[in-house]
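Asks: Okay, here's the structure, questions in a sec.
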Amino acid sequence: MVTEAQASGVSLGKVSSVESSPEGHALENKGTGTWSLTAWVSEVQAFEARAVRAQAWETQAFEAQSRASHPKVTPVTGAAAAPVLRQRFLPEKVQVPEEEKSELLVTRPFWSNKAEYLLAQVGYTLRPASLWSFCYLWLHGGGGIFLIIYIFLLFLIGIPLLFLEMTAGQRMRQGNIGVWKAINPWTGGIGYTSFMVCFINGLFLNVVTAWILFYLSQSFQFPIPWEKCPLLENASGFDPECARTTPSLYFWYRMTLKASDSIEDSGPPVLSLTLPLFVSLCLLGAFMLKGLKWTGKVMCVLVSTSGLIMLYLVVRSIMLEGAVFGLHYMTVVKISTIADVNIWRGAGNQVLYSLGLGFGAIVSIASHMQSSNSCLSDAVIVALANLVSMILVTPFIFSVLGFWATQLTHHCNAKNIETILKLVNMGILPPEAQPPQNLIGNPTSIFTSWFNSLSHPIKKEVLSHVSECNLEEQFLKIKESTNFAFLAFIEAMSFIPGSISWSILFFLMLLNLELSTTIGITHSVITSLQDTFISVQKYTKLFTVVVLMLMFLCGLFFTRPSGSYYIRLLTDYWTIIPIIIVIIFENLAVNWKNITYLAWDSSISKEVVRQYPSWGLFTLFALSLTVILPIPIYFVYCFTHGIPSSSTSRDKPTISSKSLPVSLQLTPIEEVENEEILQGDTQIADQPVV
């Protein structure tokens, strides 16, 4: 016993005193329900061994962290300190297993400073798709009213949820999968759901990066390829498919995507997009393989350069012709839209999507921050930076689109002048309809002044041969979809003098923003897998390469001719549903309370609070699932039987014959007679009245 006490670090004097004391002999003679001296000493030895092992682990963790932070620091006492350290912390009888040592030595790295951490969070939230949808909703949602609703929901929902995810990751210091297991084991499935949503979004976000790289590579040509329609092979004229639409739409669907006519038409991956997709994943590898500190510096460069380019483009776009007309729609305030539920729904979805909530990237990024950091101030800073960025990019987009509408109106009026001249020369229109031939300056104002000077009969005759060019109608065409607004924006840049420099700067800004978002997504995927499978932490670089190659192979699905249709399907109708579900269960995991009930205790004649047993909770969830199941079951039934989603008799009352009174029900013979009478009435009604 004495030998074991010495080996485990227990004082010999303490054990001897216990043996010789009367209390020690009393312990041996107490009988059943008491500990003997041997059992008590064994417990003391086990406790001391656990304490020594924990102290040894803590020492090794501290040394590993010190070596990572200060690799060049040498021990003060040299080799002589090694025996002392071993004697103090690692007794001969207490050895740390090799597997536990390897797990311990893989410490979680920290961001170099708080600025890099905040820029990483801001860069993740600044996704180009959210910038476009914000401007689109601003135009659709009544202008300033949408901004008010968005800011209200941002402080009511966005910042608290952002604070929740930051706190969870920073406190638990785990990836998206492990953090929710640590908070509440019952809700551990949240991490897996969020991981799958994050991985699928990462696949097509890399394809979006490939689109941007393709456009950026084509921007170095003069003229840029989406400025004019391409010629046929024999140079006999323009491509008829392009002549029926605009050059920008033709370049997007036929030259970039090589899109099929429908989502059912599949095909092999488009070769012109496969190479940009591979380059985008190579860029991600170059930014992430060197570790977290290098990734933080890359995020600083990406976010700061994007902000500088954005500021330059905003100042430059305000000087364009027609920019004032586009900025006018920013100042429009429609009070009536505040009661529109769709505006509130769109603003709420925009808050969740623009902040990137529910994907797990915020949790993973925050897990590399010290636990003493203030999450609340970080959440406010990130949310406000995201809001300011979206408000800053809105006048840039509206100014360019106003310029686009103005230029198209000029082209429309110039085309009308050419048509009227031909008609006057052919004698179809009278000589009084002779238009001005000099349209230098402002073609729209010159044409409008000339047209207003005509007499009413000639105006009517001129309008019967040409279309009216309306600036406001042309601008409001961007309300059709965010995709159309993006393509109109690209077309507008081809009209600007120095279109090459505009295109290069614009797509470089989009590339930086998209890469910063995909870095956050990919980091979340890799961190979650590393925290789940500890063994791969030793081979971080190799594991990162494997994950990137897997994402490349899976992303080829979206580079097919029908791939863009699947991306629109996922972004418009799928992503927001699991995100809302994940966010709901995140709140339940954090705020989970034990379900209790009041019971009567007859022994004390009082009401006492008791917890429901586990089988009661299981019954509660099973019953809830049972009453909800008819919704998906009936949906599957309608889908498999080909029942349309929209009823043809929605606006008509449906009356079953069984529900009619007996006096109103008809026999089959009466139904035939009634049909003949109705047909006769129809024939009589169709006859002309003399």
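Asks: Relative to the present Cα-Cα distance, how much length would full extension add between residue 286 and residue 576 at 0.36 nm per residue of separation?
Replies: In short, 101.3 nm is gained.
Asks: Hey, can you find the accessible area per residue of segment 416-572 for me, probe 1.4 Å, expressed in square angstrom?
Replies: Accessible area per residue, segment 416-572: 46 Å².
Asks: OK, next. Using 1/(1 + (r/R0)^6) with R0 = 41 angstrom and r between the beta carbons of residue 538 and residue 638, what's the FRET efficiency to the nearest 0.05?
Replies: The formula returns an efficiency of 0.20 here.
Asks: Starting from the Cα of residue 467, step 7 Å along the direction of its Cβ; do the same at residue 274; then give the gap between the two resulting points in nm.
Replies: 4.0 nm
Asks: Right, another one. Give the carbon-plus-sulfur fraction of the accessible surface of segment 190-245 in %, rounded to a whole number; probe 1.4 Å, heavy atoms of protein chains only.
Replies: Reported share for carbon and sulfur atoms: 63 percent.
Asks: Sticking with this structure for a sec: Using per-residue counts of other Cβ atoms within 10 Å, averaged over each peptide, order 467-476, 308-317, 196-205, 347-356 from highest down.
Replies: 347-356, 196-205, 308-317, 467-476
Asks: Hey, another quick one. Spin-label point model (7 Å from Cα, Cβ direction): what's the residue 231 to residue 587 distance in nm?
Replies: 6.3 nm
Asks: Which of the peptides 429-435, 592-598 is most tightly packed, and how do the rest follow, going by the mean number of other Cβ atoms within 10 Å of each residue?
Replies: Averaged packing, sorted descending, gives the order 429-435, 592-598.
Asks: At a Förster distance of 35 Å, what's the computed FRET efficiency of residue 151 paired with residue 182, Cβ-Cβ distance as r, to 0.05?
Replies: 0.55
Asks: Sticking with this one: May I ask which of 114/541; 228/258; 258/477; 258/293; 114/538 have a Cα-Cα span longer than 29 Å here?
Replies: Cα-Cα > 29 Å for 258/293; rest within.
Asks: Using θ = phi - 60° and the Karplus form 6.51 cos²θ - 1.76 cosθ + 1.60, what ³J(HN,Hα) does each residue of segment 254-260 get, whole Hz, x for Gly and Pro?
Replies: 9, 9, 8, 7, 6, 5, 7
Asks: Relative contact order for segment 240-395: what percent, with Cα pairs under 8 Å and sequence separation of 6 or more?
Replies: For segment 240-395, the relative contact order is 19 percent.
Asks: What does the extension gain come out to for residue 622 and residue 218, with contour length at 0.36 nm per residue minus their alpha carbon separation?
Replies: Here the segment from residue 622 to residue 218 would lengthen by 139.7 nm.
Asks: Shifting gears a bit: Using a 1.4 Å probe over the heavy atoms of the protein chains, calculate the carbon and sulfur portion of the accessible area of segment 322-446 as a whole percent.
Replies: Within segment 322-446, the accessible surface is 66 percent carbon and sulfur.
Asks: Note down the magnitude of the dipole of segment 158-287 about its Cα centre, charges +1 on Lys and Arg C-beta and -1 on Asp and Glu C-beta and zero elsewhere, to the nearest 20 debye.
Replies: 640 debye
Asks: So, one more: For segment 576-639, with every protein chain kept in place, what is the accessible area per residue (1.4 Å probe, Å²)?
Replies: Value for segment 576-639: 81 Å² per residue.
Asks: Same structure, new question: Starting at the first residue of segment 269-281, write each ³J(HN,Hα) from the Karplus equation 6.51 cos²θ - 1.76 cosθ + 1.60 with θ = phi - 60°, in whole Hz, x for Gly and Pro.
Replies: Per-residue couplings from phi come out as x, 6, 5, 5, 9, 5, 5, x, 5, 5, 5, 5, 6 Hz.
Asks: Whole number in Å², please: accessible area per residue of segment 165-239, 1.4 Å probe, ligands, DNA and RNA not counted.
Replies: Heavy-atom SASA per residue in segment 165-239 reads 44 Å².
Asks: Further question: Multiply the residue separation of residue 377 and residue 140 by 0.36 nm, subtract the distance between their alpha-carbon atoms, and state the gained length in nm to one decimal.
Replies: 82.1 nm
Asks: How far is it, in nm, from the label point at residue 454 to the one at residue 333 when both lie 7 Å from their Cα along the line to the Cβ?
Replies: 4.2 nm
Asks: Next up: Taking amide H positions as placed in the peptide plane 1.01 Å from N, state which residues far from residue 333 in sequence (5 or more) or on other chains have amide H under 5 Å from it.
Replies: Excluding prolines and chain starts, which carry no amide H, the hits are 144.
Asks: To continue, here is another question. Tell me, what is the FRET efficiency for residue 422 and residue 263 to the nearest 0.05, using R0 = 41 angstrom and their Cβ-Cβ distance as r?
Replies: Efficiency, from the Cβ-Cβ distance: 0.40.
The values are calculated or read from the model by the stated rules, or taken from the named source; none is laboratory data. Keep in mind the model is a prediction, meaning the values are calculated, not measured. When we count neighbours, we look across all protein chains shown, and the Cβ atoms used for this are built from the backbone with ideal geometry, even at glycine. These area figures cover heavy atoms from the full protein model, side chains too; ligands, DNA and RNA do not enter into them. Shrake-Rupley method; radii C 1.70, N 1.55, O 1.52, S 1.80 Å.
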